[in-house]
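Q: Submitted below is the structure of interest, expressed as structure tokens.
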Amino acid sequence: MHFHKFATWASCYASHINFLYHLIFVTIMQKIIKYTFLFIVLMSFTSCKKWLDVNQSPNAVLTAPLPQVLTSAQVQLGFNMGSDVARFSSILAQQFAGQGQAGVQTREYMGYLIQPTDVNNTFRGQFYAGVLADLEAIIKDAEGTSPYYAGIAKILKAYTFHILVDLWGDLPYTEALKGATLTQPKYDKSDAIYATLFILLDEGIANLNAPSSKFIPGNDDVIYLGNRGRWRTLAYTLQMRLALRYPDKVARMDAILAKAGATFMSANADNFQCAFQATSLIAGRENPIHQFEIRRVDQYFPSATVVNLMNTKSDPRRRWYFTPTAGTTFIGAPNDYAATSSTIFNPPSNVVFSRMHIFMRGDSTGTATTPARGRVDTYSGSAPVRMFTFAEYQFIRAEYLFAKGQTANAQIALQAGITASMQMANVPPASIAAYIATNGTLNATTELRQIIEEKYVANYGVAVEPWSDWRRTNFPALVPTTNGVQTSIPRILPYPQQERDSNPNTPARPSITAKSVFWDL
Amino acid sequence: MKQKILYTLLLWCVSFGLAYAQRTVSGTVTDATTGEKLPGVSVFLKETTTGVATDTDGKFQLQVPNPTGDILVVSFIGYKVQEVTIGAEAQVDVALVTDASQLSEVIVTALGIEKEKKSLGISVTELKAADIQNVRATNVVNSLSAKVAGVRVQGSNGMVGSSSAIFIRGFTTFTGTNQPLFVVDGIPIDNGGGGNALQTGVSNSNRAIDINPDDIESMSILKGPAAAVLYGSRAGGGAILITTKKGKAGKLKIDYTGSYQVADVNRYPTYQNGYGQGVSGANNVGTNFSWGPAFGSQPTFANFMGQQELYQAYPDNIRGLFKQGSSLQNSISLSGGNDKGTFAFSYSNNIENGIMTNNRLNRNTFKISGTQQLTSKFSISTSVSYFNTFSKRTQQGNQLSNPMFRGWFLPRSINANNYPTSNPTTGAPNYWFGGEDNPLWTLENNLYNDEVNRFLGNVSMNYDITDWLTLNYKLGTDYGTTTINTYDAPGARGAASHNVLGVGAIGKRANQSLLTSSYLNLTFKKKLSENFSMYALVGQEINVERGINRLVLGSGVVIPGFSNVSNATTLNPTNSEIETRLIGVYADVQLSFRNYAFLNVTTRNDWSSTFAPDKRSYLYPSVSGSFVFTEAIDALKENNIISSGRIRGNIAKVGRVAPAYSTDTYFFGANPSDGFGPSITFPFNGSAGRTLGDVAGNPQLGPEFTATREIGTELKFLKNRISVDLGYFSTKSTNIILDVPIAAASGFTNLTRNAGELKSNGIELLINATPIKKENFSWDISLNWTRIRSIVQSLAPGVTIIPLGGFTSPQTRLEAGAPYGVIYGTTFFRHTDGRLILNPSGFPVVNGEIKRIGDPNPDWTAGITNTLTHKGFSLSFLIDIRKGGDIVSRNIGDLRRSGAAEETGDRTRTYNVAGVKGSATGAVLTDAGGNPIPNDIQLNSEQFWGSMFAFGTGESYIFDASWVRLREASLTYNLPKRWISKTKLSNIQIGVTGRNLLLWAPNVPHIDPEVNAQGSSNSQGLEFNALPQVRNMGFMLRISY
């Protein structure tokens, strides 16, 4: 268009303009008109748009079927509970001790040096953007059409938030998981979140009780293989675990037990755990605790606290829990940060500690030995990551019955808990009976301590709950690590650095040794 | 609007009456010296617009007015302008004399367009073949080190095939690539790769390594967006144009170049040799440390294998892990042609053996090119290259399979070569004393090799519509396949390539990459009047990039050493594909006034497939100008002091595209993992597993822009004996595309968006001088000096930090208000006055929070090349200077912590850490008056070095990487012509050459600081158990026929 306007205007001028006119219009236009035409065709909006429409990834999908997302969420959850969360909480609860050179993370955790940057991945990638984002996607997709999936996802979500609250206290809940539309969600109080978890569990149960579901979970549900009864049982039993944390636990638990149709864990088959697979079957699907032991050799040992507790009672489970040293003795690693000793530069090479064993790593194909240093690779890696066991439920009952004043019934529950735990570890019946004969009687004034100490041993390898029990009851009596950067045992994790940087609503966390969860009294 | 201005200008130009043709004059233009016919020479009738250009035979035909006495003005780049008065004759032949002051002043700019240097308002530096080839570097990027102002080359290590990063004018984007676009003969090629994983795998190549340096005729470095704007969205980091050798009309030419070089570690740590393996003065066969008993205190000790051996120092135990490397390069080329066409063929072979076992590169390159004048108006040229590069690579990074992970601080009483690497009976690995892989075992058993087969091809067609209007179409492609074979030996404790817990892995990877570019250009070139001439180009680009990756990973190796995936118990195949497309249209108009004032305007519009349809189209312009004041001002002409001078400047903007597939949110294959190595591979229990991505896609995503301003001057003095080129630039990138961290409580850890601002500015200085120039002797000095500051102005709203690379500590980061890529790490508690706070035992206390501990960016860099020539001899050496820029060195920390380093050797002295007394948790203790109490506790050597350089204490691992090094040196001798005159050879040159010959790094002990853990990436300044740099020396031979 410019050309024409210009031409009209220019032609009014003197004759030498003819030259220019000629130059531009005759010569160029004649010769390039056909190219220009091609050019325009190519550039025309429609063809260009189509040609450029290649921005859909061939490597991923925009929507995913429910079963695929459910497996992902469950395995991620099981993995998380055997990963960072397990290491933070089990070192603080002194089920494990970090050793090794200065700077090795597990050793620093043991010295109570848990930094805001240490928890970035756990909080962000593993839980909120991992398990929870997937569960939320399932709930959104399944609600209304596939209630069985929605129900399982809600129960898993309730369990996950219960763990997160126990780890971090106040958290984003009501404004959380809204996607990129709400990038700075507000934080809710820990007790308010707990209150909604009971409701969420009831909703989950209701979903599972629906008459039909478009899609029905099966083997994609790697925890209960589509057994909706077991999910309902978990939901009710989980409510008992949550209720245990309240001062008015007896009333709350009475109410839960009285719910119509309520069922509770009744056998080890009800255990809420994520199965992993043996290397010999398929590599790359092993229990993450086992994987850590292989990859981070000499950093994560059974703690002297749990080993000594079991040694004093000659606990038969030790054979499955720990590798023996010098024949049949079991030695736990001290929870000793020893910052003043020159031995901090000395890896624990000349001290022989028991390592985690079959119970945590799966069947062993070799003889149980404890090397001076280095790792043992003869395990299958197929041990499950245990998150909430039938044995634990028996100890919850014992504590409830004791609080209710029914000490005799409490003792029965205690013994049932010990039995379930020992059976889980494959202890032969005779040894179980012998142990119960010696340790199965509740003694006046030490009832709670006995219950929690037995629960502590039974929950060996279960993330978070032993630490929560200690925070709730002060049992077992843990001695803070020597020379830690905190003088007392931390009672909460720091908020992640990245979350603080990205969300101004993140509260301050001046101290990780302060009581920070509503039930931590 | 722009068009109107342009044509108004045109009107002004055409201010003289038209000539009326009355007779024809024809002739031939030749080079006065060689007699070579010169095509493209402009022949004008003085003071008119009548003129033509000579054809490929140097012939012209021009209609001139009847009366004689008119003057023909004959001008050509590189030659003196000649005026010929026409008599009555019909044939006028002109022989042009070269103009020394103009020589090599024509350089290749964007889209391969040759322009007079003095006309450019942008910065382009051209390197000639000799600048690149005499150093015999395998990786063409390395031959740019310290040669060009504004260009920084950063090697990753000295292993054969390792990558080098190249940064032109600092950083222009946050997390996308800051590497320039590589263009070979007008077609963009892939220089990807070169990044190294932190905890697995080998040292990778950047793919420019496939290019045969002997094929290069010249390289143009287009600095900054203004120079590269015509290349559009891919050239935000500048561009490097490589022009390969073409045939020339004349006799058949054969050139041979051969060289042989040896390579050695250029710097070893210095060690103490008084104390052996142990801890606290006692033997400990399980430790890596050398805090054991003094040598001589006991005759023997029981080693980690339980055998008694002599307790003695092995001063050269580290050297025993290395061997001498070598490089043999042979390259031959044939070229020739006649007046209708030319051809060139070349073949090269390069066999390079590294300084460690199983590190090797074998490269074969073939290239054939030709040009043909099909009609007087239509010519075609084509070129096809084939590269075959085979490499064996060494494991690197923060992992036990890196042979030097524990190697650098081997206890002083251990000779690695004394122990069998595997059990002779069972074949199982013999683990090292700490239950870890023996470094020599990992070299022999964790194998990685790759083979690249790659074609570069292009065809270019030229049609001269008229003598001032040319249509050119160019189509080119870079297609390559890379096959990677990996074998992680069963029993490996290190991660090796696949991190499979020691069960062994076999990896078979096949990658394909395809880059296709098509250019249609219409070029207008005409002298509009005596005073004005114009050059204009309109064009269109179509670009497609495609990548396909396939991997079959078998884990669980059954028969050791048998590397076929059928030999694995578990198979995990994975694949991914990516494709992006782009269309660009552009225009480039240059007006020159009397050949001393130049104005250049470009504009480009891109449509990229990586944006949502409504965000696809974006336009960006540039304006540049150059003014040669010595030619404009009469008083300055023929001046004895100042020979020539000009000023230049530009303002430009360039757009950048988003990564593919960032406009949507996807469900990806599930793969739970933590930062410690454990991970779960899907399918799991029969389910494929899909997890919602952690990064939220964003359909609102638009292009990112880098704007730049630049001003410079170029002055020549004393008959061009001294020249100074001084420039200042500033760039500002906005709307930068990045994955911004958001509260993960939203369900996503990151959101892809446009955010933030990054500013760079810099000063570039180039001085060339010829202090001595005699008949038989000359001395040339070239100095380049660069100072660049790249500052992250802002990230996204509410975001102050984005991790760039590294670990939790140390880590490189983008931090608002800080230089690009600052280093963060663990620190010690300090009193408010800066003094260390020591715990009750006198040890420093590690602070929980990581802080900024360093800046990897140099304060300035410089290169000084001296060239001395005497008759046939030429001695050239390049000194490379880097001032400032920090590096975190894990090796130095390890050497000190472990008691292996020389400085830890005095075990009798005690150390008092300067600082104040504090609590175990780092609180300051005060005296009664409230004042801090100076620390008076003495530590022994082990306590001191062990705590000050404790594992992971980033603060004490940071060093100023300043260096002065003799980067290159070559002495060549051209045999006198009379010696070879009896042969049919035209030239024989012999030479000795070397790279990285001397190093002075005053603030970095033990290592060469030119290493980078993450290779060719934006994350710079991390050294994590790096493999060493090397020194190369050798000789070369060139024969020309």
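The values are calculated or read from the model by the stated rules, or taken from the named source; none is laboratory data. Note that the coordinates shown come from a computational prediction; the quantities given were computed from them, not determined experimentally. When we count neighbours, we look across all protein chains shown, and the Cβ atoms used for this are built from the backbone with ideal geometry, even at glycine. These area figures cover heavy atoms from the full protein model, side chains too; ligands, DNA and RNA do not enter into them. Shrake-Rupley method; radii C 1.70, N 1.55, O 1.52, S 1.80 Å.
Q: Pairs of Cα atoms under 8 Å, at least six residues apart: use those to get the relative contact order of segment B:859-928, whole percent. Don't jump to the answer; show the numbers that get you there.
A: On the way: 49 pairs, mean separation 13.4, N = 70.
With pairs under 8 Å counted, the relative contact order is 19 percent.
Q: Turning to a different aspect of this structure: Pairs B:Lys716/B:Lys883; B:Lys340/B:Lys977; B:Lys377/B:Lys526: which are spaced more than 20 Å apart, C-alpha to C-alpha?
A: On the way: B:Lys716/B:Lys883 28 Å; B:Lys340/B:Lys977 31 Å; B:Lys377/B:Lys526 17 Å.
As for pairs spanning more than 20 Å Cα to Cα, those are B:Lys716/B:Lys883; B:Lys340/B:Lys977.
Q: Let me ask something else. What is the pair-distance distribution P(r) of segment B:926-993, computed from all Cα-Cα distances in 5 Å bins starting at 0, with each bin given as a whole percent?
A: Final binned percentages: 3, 10, 9, 7, 8, 8, 7, 5, 5, 5, 5, 5, 6, 6, 4, 2, 2, 2, 1, 0.
Q: What percent do you get for the relative contact order of chain B when only Cα pairs under 8 Å and 6+ apart count? Mind dumping the intermediate values first?
A: Values: 3089 pairs, mean separation 116.2, N = 1041.
Worked out over chain B, it gives 11 percent.
Q: For A:Lys313, give me every one of the lysines with a C-alpha distance below 19 angstrom, ignoring sequence neighbours fewer than eight places off in its own chain.
A: A:Lys313 reaches A:Lys455.
Q: Okay, moving on. Please compute the Kirkwood hydrodynamic radius over segment B:60-192, one decimal place, Å, based on all pairs of different Cα atoms.
A: 19.1
Q: Based on alpha-carbon centroids, what's the gap between segment B:617-680 and segment A:170-195 in Å, whole number please?
A: For segment B:617-680 versus segment A:170-195, the Cα centre distance is 43 Å.
Q: Note down the relative contact order for segment B:306-458 as a percent, whole number, built from C-alpha pairs under 8 angstrom at least six residues apart. Before the final figure, lay out each step's value.
A: Numbers: 291 pairs, mean separation 34.7, N = 153.
The value is 23 percent.
Q: Just the projected area, averaged over all directions, of the convex hull on the alpha carbon atoms of segment B:249-327: how many nm²?
A: Numbers: hull surface 35.6 nm².
Averaged projected hull area, Cα only: 8.9 nm².
Q: Rounded to the nearest 0.05, what FRET efficiency do B:Asp614 and A:Leu62 give with R0 = 25 Å and r taken as the Cβ-Cβ distance? Could you check? Don't skip to the end; give the middle numbers.
A: Numbers: r = 19 Å, r/R0 = 0.77.
Working from the Cβ atoms, E equals 0.85.
Q: Over segment A:114-164, what lengths in whole Å, largest first, do the semi-axes of the equivalent ellipsoid take, defined as the square roots of 5 times the eigenvalues of the alpha-carbon gyration tensor?
A: On the way: eigenvalues 140, 21, 5 Å².
Equivalent ellipsoid semi-axes, largest first: 26, 10, 5 Å.
Q: Suppose accessible area is computed on protein heavy atoms with a 1.4 Å probe; arrange B:His831, B:His1006 from highest to lowest. Don't skip to the end; give the middle numbers.
A: Values: B:His831 45, B:His1006 10 Å².
The ordering from most to least exposed comes out as B:His831, B:His1006.
Q: If you find the alpha carbon centre of segment A:446-493 and of segment B:749-771, how far apart are they in angstrom?
A: Centre-to-centre (Cα) distance: 55 Å.
Q: Keeping all protein chains in place, calculate the accessible area per residue for chain B (probe 1.4 angstrom), answer in Å².
A: On the way: 37930 Å² over 1041 residues.
On a per-residue basis, chain B sits at 36 Å².
Q: Another question, if that's okay. Just need the Rg to Rh number for segment B:550-659, please, alpha carbons only, Kirkwood Rh. Provide the component values of the computation, followed by the final result.
A: Working: Rg = 28.7 Å, Rh = 19.9 Å.
With Rg and the Kirkwood Rh in hand, the quotient comes to 1.45.
Q: Run lengths n ≥ 4 of DSSP H only: what is the helix-derived mean residue ellipticity at 222 nm for chain A, with -39500 (n - 2.57) per run over all residues, to the nearest 500?
A: Values: 22 runs with 237 residues, N = 521.
About -13500 deg cm²/dmol.
Q: Give me the number: length gained by fully extending B:Asn417 to B:Thr270, i.e. 0.36 nm times residue separation minus the C-alpha to C-alpha distance, one decimal in nm. Please list the in-between numbers first.
A: On the way: separation 147, 0.36 × 147 = 52.92 nm, distance 1.97 nm.
Full extension from B:Asn417 to B:Thr270 adds 50.9 nm.
Q: Which whole number gives the average count of other chain Cβ atoms within 10 Å of the Cβ atoms across peptide A:136-147? Write out the running numbers ahead of the final one.
A: Values: counts 2, 5, 1, 0, 0, 0, 0, 0, 0, 0, 0, 0.
Mean number of neighbouring Cβ atoms from other chains: 1.
Q: Something else: Just how large is the dipole of chain B about the Cα centre, in debye to the nearest 20, putting +1 at every Lys and Arg Cβ and -1 at every Asp and Glu Cβ?
A: 1220
Q: Using the scaling law 2.2 N^0.38 Å as the reference, what is the normalised Cα Rg of chain A?
A: On the way: Rg = 30.8 Å, N = 521, 2.2 N^0.38 = 23.7 Å.
Ratio of Cα Rg to 2.2 N^0.38 Å: 1.30.
Q: Between B:Glu114 and B:Asn531, what is the spin-label point distance in nm, taking each point 7 Å from the Cα along the Cα→C-beta axis?
A: 3.0
Q: Now, a different point. Provide the three semi-axes, in whole Å and in decreasing order, of the ellipsoid equivalent to segment B:535-615 as defined by the square roots of 5 times the Cα gyration tensor eigenvalues. Let's see the in-between values first.
A: Working: eigenvalues 589, 60, 12 Å².
Semi-axis lengths for segment B:535-615 are 54, 17, 8 Å.
Q: Measure nothing fancy, just the Cα-based angle from helix A:407-424's long axis to the longest principal axis of chain A, in degrees from 0 to 90, nearest 10.
A: Long axis of A:407-424 versus the principal axis of chain A: about 60 degrees.
Q: Averaged over A:274-283, how many beta carbons belonging to a partner chain fall within 10 Å of each residue's beta carbon?
A: Working: counts 2, 2, 3, 4, 0, 8, 4, 3, 10, 15.
Whole-number average of other-chain Cβ neighbours for A:274-283 is 5.
Q: Within 10 Å of each Cβ of B:350-356, how many other protein chain Cβ atoms are there on average? If you can, show how the numbers build up before the last one.
A: Values: counts 0, 0, 0, 0, 0, 0, 0.
Other-chain Cβ atoms within 10 Å of each residue's Cβ, averaged: 0.
Q: Could I ask something else about it? With the cut-off at 26 Å, report for segment A:407-521 the share of all Cα pairs above it, as a whole percent. Present the calculation step by step, with values, prior to reporting the outcome.
A: On the way: 2460 of 6555 pairs.
Counting every Cα pair in segment A:407-521, those more than 26 Å apart make up 38 percent.
Q: Here's a follow-up. If I take all pairs of Cα atoms in segment B:856-983, what percentage of them are more than 26 Å from each other? Don't skip to the end; give the middle numbers.
A: Numbers: 4582 of 8128 pairs.
Pairs farther apart than 26 Å: 56 percent.
Q: Summing both sides, how much accessible area is buried between A and B? Use a 1.4 Å probe and give Å² to the nearest 100.
A: Numbers: alone 23520 and 42810 Å², together 56560 Å².
Interface area, both chains combined: 9800 Å², rounded to the nearest 100.
Q: Roughly what angle does helix A:447-458 make with the longest principal axis of chain A, taking Cα atoms, 0 to 90 degrees, to the nearest 10?
A: 50
Q: Something else: Cross-link candidates for B:Lys323: which lysines have Cα within less than 28 Å, leaving aside residues fewer than 8 places away along the same chain?
A: B:Lys392
Q: Can you give the Rg and Dmax of the protein assembly as shown based on its C-alpha atoms, in angstrom?
A: For the protein assembly as shown, the Cα radius of gyration and maximum Cα-Cα distance read 37.5, 134 Å.
Q: Taking every pair of alpha-carbon atoms in segment B:857-915, give the share separated by more than 18 Å as a whole percent.
A: Working: 1140 of 1711 pairs.
Of all Cα-Cα pairs in segment B:857-915, 67 percent lie more than 18 Å apart.
Q: Something else about it: Viscosity 1.567 mPa s, temperature 4 °C: Stokes-Einstein D of segment A:97-227 from its Kirkwood Cα radius, in µm² per second?
A: Working: Rh = 16.5 Å.
Diffusion coefficient, whole number: 78 µm²/s.
Q: Still on this structure, I have one more. Provide the FRET efficiency to the nearest 0.05 for the B:Trp979-B:Val262 pair, computing r from the beta carbons and using R0 = 30 Å. Write out the running numbers ahead of the final one.
A: On the way: r = 29 Å, r/R0 = 0.96.
The value I calculate is 0.55.
Q: At q = 0.05, 0.07 Å⁻¹, what base-10 log of I(q)/I(0) does the Debye formula yield for chain B when every alpha carbon is treated as an equal point scatterer in vacuo?
A: -0.36, -0.69
Q: Same structure again: Run lengths n ≥ 4 of DSSP H only: what is the helix-derived mean residue ellipticity at 222 nm for chain B, with -39500 (n - 2.57) per run over all residues, to the nearest 500?
A: One gets -1000 deg cm²/dmol as the mean residue ellipticity at 222 nm.
Q: Follow-up question, since we're still on this one. Over the protein assembly as shown, what percent of the accessible surface lies on carbon and sulfur atoms, probe 1.4 Å?
A: Details: 32300 of 56560 Å².
Reported share for carbon and sulfur atoms: 57 percent.
Q: Now, a different point. Take the Cα radius of gyration of segment B:767-883 and divide it by 2.2 N^0.38 Å, with N its residue count; two decimals is plenty.
A: Numbers: Rg = 23.7 Å, N = 117, 2.2 N^0.38 = 13.4 Å.
Segment B:767-883 yields a ratio of 1.76.
Q: Please work out, to two decimal places, the log10 of the ratio I(q)/I(0) at q = 0.11, 0.14 Å⁻¹ from a Debye calculation in which every Cα of segment B:625-772 carries one identical scatterer.
A: -0.67, -0.83
Q: Right, here's the next one. Leaving ligands, DNA and RNA out of it, work out the accessible area of B:Ser617 with a 1.4 Å probe and give it in Å² to the nearest 10.
A: 70
Q: Going by average Cβ neighbours within 10 Å, how do the peptides B:798-807, B:1026-1035 rank, with the highest at the top? Before the final figure, lay out the partial values.
A: Details: B:798-807: 20.1, B:1026-1035: 23.2.
Those peptides, ordered most packed to least, come out B:1026-1035, B:798-807.
Q: With r as the distance between the Cβ atoms of B:Asp906 and A:Thr473 and R0 = 35 Å, compute the FRET efficiency 1/(1 + (r/R0)^6) and round to 0.05. Mind showing how you got there, number by number?
A: Details: r = 54 Å, r/R0 = 1.55.
Computed FRET efficiency for A:Thr473 and B:Asp906: 0.05.
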